[in-house]
Amino acid sequence: GAGFSPKEFIPTKEDYAKIYEEIAKRLEENEDYDDGSYGPVLVRLAWHASGTYDVETKTGGSNGATMRFQPESDHGANAGLKAARDFLEPIKAKFPWITYSDLWTLAGVCAFQQMGGPVIPWRPGRADGDISACTPDGRLPDASKEQKHLRAIFGRMGFNDQEIVALSGAHALGRCHTDRSGYDGPWTHSPTMVTNNFYEILLDEKWNWKKWGGPAQYEDKSKSRMMLPTDMALVKDREFKKYVEKYAKDQEAWFKDFSDVIAKLFELGVPFKQEEKWTFKVVDA
Ligand code: CCH
């Protein structure tokens, strides 16, 4: 007979579910990292892998996982994401048949769901590229800028105003690190839980410039939460603000829209063969 050859192995939904479960388990086993979870940095890895997409030239996007290579790994926006890539190495070693590009986006889905977020449909089909597919620096947003820049950067990926605002709510999670982006602090008081709190506090808190030697950023009265200039642009701009108000009032509406838009983000530029999208069950602690 032909015998077993790794090339003939065609993974099923169950095989990918095993990887989801393994990532969830590894998240639980490593709660000493940062604010208590690798979840936020995994979400950021998946976003930065995908957010390089350019609709016009059809380059960039999660297909390729080119952040494995210099120069893309050294792009300023990707500082600190090595922690997320390294976190996933034991998973890749255990399931060598998954591509890095599928693994990084699946890890983003898993992290988001495990932190209490909505279910995100996902499907496999990304292939790893080589160094020649690295995208030029400057495709990801610059936090020191405002609405015009956001529309240019996200417009290049193919997103509209509503989608920009929906995606931005991910800043309920995680924090800024002075040794990565130069900015400092978390956006919310619950940086490892998916909530619509980012929108609520954007509207309800009073934000002042932080007086410090670092890059220009905002802080709340208690000085325990922060906003980037790009975050504040979402309430300075009337069109953006409409959606901030909507999502601040209605977490379910945000959950629904976020699930749609992040699924779209993770699929930008990927030449899928599989039509069907899968959902994976949250793994209980
Ligand atoms: Fe973001 N983000 N992000 N962001 N981001 C940072 C951290 C996270 C911008 C800048 C920054 C999205 C959009 C934007 C996350 C998810 C998303 C940091 C701090 C900066 C700066 C990095 C550090 O120092 O470690 C800008 C500008 C934009 C423009 O819109 C979108 C979209 C998403 C996902 C959908 C997550 C999660 C983090 C936390 C990472 C961590 O390590 O805690």
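At-a-glance table
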quantity: Region 202-281: GluC sites (Glu not before Pro) in DSSP coil with no more than 11 other Cβ atoms inside 10 Å; calculated: Glu275, Glu276
quantity: Where a label projected 7 Å from the Cα of Ala216 along Cα→Cβ would reach, residues of region 143-180 with amide N under 18 Å; calculated: 143-151
quantity: Anchor Lys273: lysines whose Cα lies under 29 Å away (excluding residues fewer than 8 positions away in-chain); calculated: Lys7, Lys13, Lys18, Lys58, Lys92, Lys94, Lys256, Lys264, Lys281
quantity: Charge dipole of the chain about the Cα centre (unit charges at C-beta), most positive-ward option of His48, Pro90, Tyr100; calculated: His48
quantity: Loop-exposed chymotrypsin sites (Phe, Trp or Tyr not before Pro) per DSSP, neighbour cap 13 Cβ within 10 angstrom, longest uninterrupted part of the chain; calculated: 98-211
quantity: Prolate/oblate/rounded call for region 147-260, Cα gyration tensor, a/c under 1.5 rounded; calculated: prolate
quantity: Cβ-defined net charge surrounding Pro121, 11 Å radius [Lys, Arg +1; Asp, Glu -1]; calculated: 0
quantity: Selection from Gln162, Leu173, Met226, by position along the positive dipole direction of region 147-260 (Cβ); calculated: Met226
quantity: Distance in nm between pseudo-label sites at Lys241 and Glu276 (7 Å out along the Cβ direction from Cα); calculated: 4.7
quantity: Counted charge near Gln147, where neighbours are those whose Cβ lies closer than 12 Å (Asp, Glu -1; Lys, Arg +1); calculated: +1
quantity: Rounded FRET efficiency, nearest 0.05, which uses the C-beta distance separating Lys58 from Phe9 and R0 of 30 Å; calculated: 0.50
quantity: Among Val165, Val261, Val109, residue whose mean-square fluctuation peaks in a GNM of the chain (springs only between Cα atoms under 10 Å); calculated: Val261
quantity: Rounded, prolate or oblate (a/c below 1.5 giving rounded, otherwise prolate when a/b exceeds b/c) for region 1-138 by Cα gyration tensor; calculated: oblate
quantity: For Met193, solvent-accessible area (1.4 Å; no DNA, RNA or ligand), Å²; calculated: 100
quantity: Accessible area per residue in Å² at 1.4 Å probe, computed on region 147-260; calculated: 46
quantity: Nearest-20 debye value, the chain charge dipole, Cβ charges on Lys, Arg, Asp, Glu; calculated: 480
quantity: Listed residues His171, His48 arranged by accessible area, highest first, probe 1.4 Å; calculated: His171, His48
quantity: Where trypsin sites (Lys or Arg not before Pro) fall in DSSP loop in region 246-285, at most 16 other Cβ within 10 Å; calculated: Lys273, Lys277, Lys281
quantity: Calculated FRET value between Asp204 and Lys256, using beta carbons and R₀ = 25 Å, to 0.05; calculated: 0.65
quantity: Chain lengthening between Asp86 and Asp284 when straightened (0.36 nm per residue, less Cα-Cα); calculated: 68.9 nm
quantity: For Lys256, net neighbour charge (Lys/Arg +1, Asp/Glu -1) across residues whose Cβ lies under 15 Å away; calculated: -2
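The values are calculated or read from the model by the stated rules, or taken from the named source; none is laboratory data. All values reported here derive from a predicted model rather than from experimental measurement. Here the Cβ is made from the backbone with ideal geometry for all residues, glycine too, and neighbour counts use every protein chain on show. Only protein heavy atoms, including side chains, enter the accessible area calculation; ligands, DNA and RNA are left aside. Shrake-Rupley method; radii C 1.70, N 1.55, O 1.52, S 1.80 Å.
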